[in-house]
Amino acid sequence: MTDTSNAPYAFEGLDRVIHEKARLGIMTSLISHPKGLAFTDLKKLCDLTDGNLSRHISVLQEAGLINVKKGYLNNKPHTTCALTAKGKKQFLKYLDVLEGIVENANATAKSLKATNRKPA
């Protein structure tokens, strides 16, 4: 890894697996539902197609961030997804980094506004 002390806007702490829009939605949905969510519920919450959701679930599962349980409910296929302990830890770390970025950007924007300066 490179030294980012001179590159504060490299955002090295942003996890590329999580940062993709659909996967960020999936992870946010799952952290809000500790017992997990059914595939159909995730599909609705994240506004994804079956194929898109399946692909993003595979990426998150391969990274060890979510567990996928397949079975049957009322004789119909039923898939449930939930965060792993690693997934929860990694997502909370990601949110901390993102929060720092937002705080720094807000501070800069407020400073510019207070001095009536325009961004460089």
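Of note:
- Amide H contacts under 5 Å for Thr84: Ile66, Asn67, restricted to partners 5 or more places along the chain or on a different chain, H placed in the peptide plane at 1.01 Å from N.
- In sequence order, the range 28-44 has phi-based couplings of 5, 4, 6, 5, 7, 10, x, 7, x, 9, 6, 3, 5, 5, 4, 4, 5 Hz under the Karplus curve 6.51 cos²θ - 1.76 cosθ + 1.60, θ = phi - 60°, and Gly or Pro positions carry x.
- Candidates Asn104, Asn67, Asn52: whichever shows maximal mean-square fluctuation once the chain is modelled as a Gaussian network with Cα springs under 10 Å: Asn104
- Cα-centred dipole magnitude for the chain, charges only on beta-carbon of K, R (+1) and D, E (-1), debye, nearest 20: 300
- Loop-located chymotrypsin sites (Phe, Trp or Tyr not before Pro) in the range 1-60, at most 12 other Cβ atoms within 10 Å (DSSP): Tyr9
- Exposure proxy ranking, count of Cβ atoms within 10 Å, fewest first, for Leu60, Leu112, Leu92: Leu92, Leu112, Leu60
- For Ala7 and Ala105, the difference between the fully extended length at 0.36 nm per residue and the C-alpha to C-alpha distance is 33.8 nm.
- The shape of the range 16-114 can be summarised by an equivalent ellipsoid whose semi-axes, obtained from the alpha carbon gyration tensor, come to 32, 14, 11 Å from longest to shortest.
- Per-residue Karplus couplings for the range 105-112, computed as 6.51 cos²θ - 1.76 cosθ + 1.60 with θ equal to phi - 60°, are listed in order as 5, 5, 4, 5, 4, 5, 5, 5 Hz, Gly and Pro entered as x.
- Among the GluC sites (Glu not before Pro) found in the range 1-98, those both in a DSSP coil and sparsely packed, with 13 or fewer other Cβ atoms within 10 Å of their Cβ, are Glu12.
- Neighbourhood net charge (12 Å Cβ-Cβ; Lys/Arg +1, Asp/Glu -1) for His78: +2
- Amide H to amide H, with H built 1.01 Å from N, His78 comes under 5 Å of Gly71, Tyr72, Leu73, counting only residues 5 or more places away or on other chains.
- Derived scalar couplings ³J(HN,Hα) [the range 90-96; Karplus, 6.51 cos²θ - 1.76 cosθ + 1.60; whole Hz; x for Gly, Pro]: 5, 5, 5, 5, 4, 4, 4
- Of the residues Leu14, Thr108, Gly51, the one whose Cα sits farthest toward the positive end of the charge dipole of the chain, with +1 on the Cβ of Lys and Arg and -1 on the Cβ of Asp and Glu, is Gly51.
A short reminder: the numbers here are calculations on the coordinates, not readings from a lab. None of these values were measured; they are calculated from a predicted model. Here Cβ is always computed from backbone atoms with ideal geometry, including for glycine, and neighbour counts include all displayed protein chains.
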